[in-house]
Amino acid sequence: GKKITYGQSVQLKHIFSGKYLTINFKQMSQEYGCCQMFLSETTKESWFTIEPTYSLIKRGQVINYKDFFQIKSLTSSTPFYLHVFKKPTEEYNDNKYFILNASQRASSLKAKLFMSYMDSEKEKEYI
């Protein structure tokens, strides 16, 4: 594959449906102050840019393994970022529930090496 750089415009494609991750600015999410995300055909709301978490890293630099970064919407005049919300559960078990929203509060994401689908089935801790 091609190397991804900070500041690069990207679309996030869902492998199984072939649709793209898109922000719905008209629909609020379960988390306060967040917009809902959904899968759709490609639209202008499905374009994002990769931003560095730390100011030491400049636009145009290659994203390296274990780098932290944020994913920002390209279409909104107000900055909206992908935000991972851990949904609280009332049950005392090991199940983890995550919701992906668009928020003005960015989630810091970490670059991982490619993982095959079979490996991801074995490792349930990855989002």
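The values are calculated or read from the model by the stated rules, or taken from the named source; none is laboratory data. All values derive from a computational prediction rather than experimental measurement. Remember, those area values only see protein heavy atoms, side chains included, never the ligands or the DNA or RNA. Shrake-Rupley method; radii C 1.70, N 1.55, O 1.52, S 1.80 Å.
The largest accessible area among K3, K26 belongs to the first residue in K26, K3, and the rest follow in falling order (1.4 Å probe, all chains). A 1.4 Å probe, protein heavy atoms only, puts the accessible area of I57 near 40 Å².
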